[in-house]
1. What is the mean projected area of the alpha carbon convex hull for segment 47-183, to one decimal in square nanometres?
2. Looking at the chain, identify the longest residue range that excludes and avoids all GluC sites (Glu not before Pro) in DSSP loops having at most 16 other Cβ atoms within 10 Å.
3. For the residue pair TYR29 and THR133, what label-to-label distance in nm results when each label sits 7 Å from Cα along the Cα-to-beta-carbon direction?
4. How would segment 107-183 be classified by its alpha-carbon gyration tensor: rounded, prolate or oblate, with rounded meaning a/c under 1.5 and the a/b versus b/c comparison settling the rest?
5. Please give me the summed charge of the neighbours of GLY10: other residues whose Cβ is under 15 Å from its Cβ, Lys and Arg +1, Asp and Glu -1.
6. Along each of its three principal axes, how wide is the spread of alpha-carbon positions in segment 1-127, in whole angstrom units, largest first?
7. Take the alpha carbon atoms of segment 1-71, find their center, do the same for segment 106-183, and report the distance between the two centers in whole angstrom.
8. For segment 10-84, what Kirkwood radius comes out of the mean inverse Cα-Cα distance, in Å?
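No lab work stands behind these numbers, since they all come straight from the coordinates. Source: prediction; values computed, not measured. Methodologically, a virtual Cβ is constructed for each residue, glycine included, from the backbone with ideal geometry; neighbour enumeration extends over all protein chains shown.
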Amino acid sequence: SQHSHQAVFGGRLHNARQRSLYGNVITQYPLSGEKHMMKTGVNSRLDDFDETIRWTSLDSANFDRLERTIGLFSEYTYAPSPRMTLVVGLRGDIHNYYGTFMTPRAHFRYGLTENTTIRLSAGRGQRSPNVLTDQLGLLVSSRTWEFNSSTNLPGYGFLPEIGWNFGGSLTQNFVLDFRSGSI
């Protein structure tokens, strides 16, 4: 895939292009019967970023980078009944700038009744920051941007963004006047 972007904010020019290539191979197989399933796979991603900003006619900055990631993952699903499912997974990645890292996750679903379901989830995520593109609206102001980093990483020089996510939901399905709905 390819995405191109050109923008003008007063005297500022922002040009960006991202070219990406993604490949994924997955296999799924039962461990013992239909209650225990295993999914494993490998995928690879290549992201080529060309990004330039011209602050003034004399001042510009380039944030080009080429990111390569290869990852192995495994996911175990336990479904003892149609009402309950537990999925736990672990992923290991090797990134050309950030090194090796692991990302675990877990999802749980239980049907309290035929129309009421509870869900819980937890996991870790990681991504490369795209500071200018993520905060494009801030370029409208005349404020000065400074990128001070203690790393020698390409692009903006920042470490990856890491997030731990936890959540849950309770869903109630219903029929009202012959129409399905949920809260």
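1. Numbers: hull surface 53.8 nm².
For the Cα atoms of segment 47-183, the hull's average projected area reads 13.4 nm².
2. On the way: sites that count: GLU34, GLU114, GLU146.
Answer from the scan: 35-113.
3. 3.8
4. On the way: a/c = 5.94, a/b = 2.29, b/c = 2.59.
Because a/c hits 1.5 or more and a/b fails to exceed b/c, segment 107-183 counts as oblate.
5. Details: positive: ARG12, ARG54, ARG143; negative: ASP59.
Within the 15 Å Cβ shell, the charges total +2.
6. That works out to 66, 32, 23 Å along the principal axes.
7. About 17 Å separates the Cα centre of segment 1-71 from the one of segment 106-183.
8. Values: mean 1/r = 0.0614 Å⁻¹.
Final number for the Kirkwood radius of segment 10-84 is 16.3 Å.
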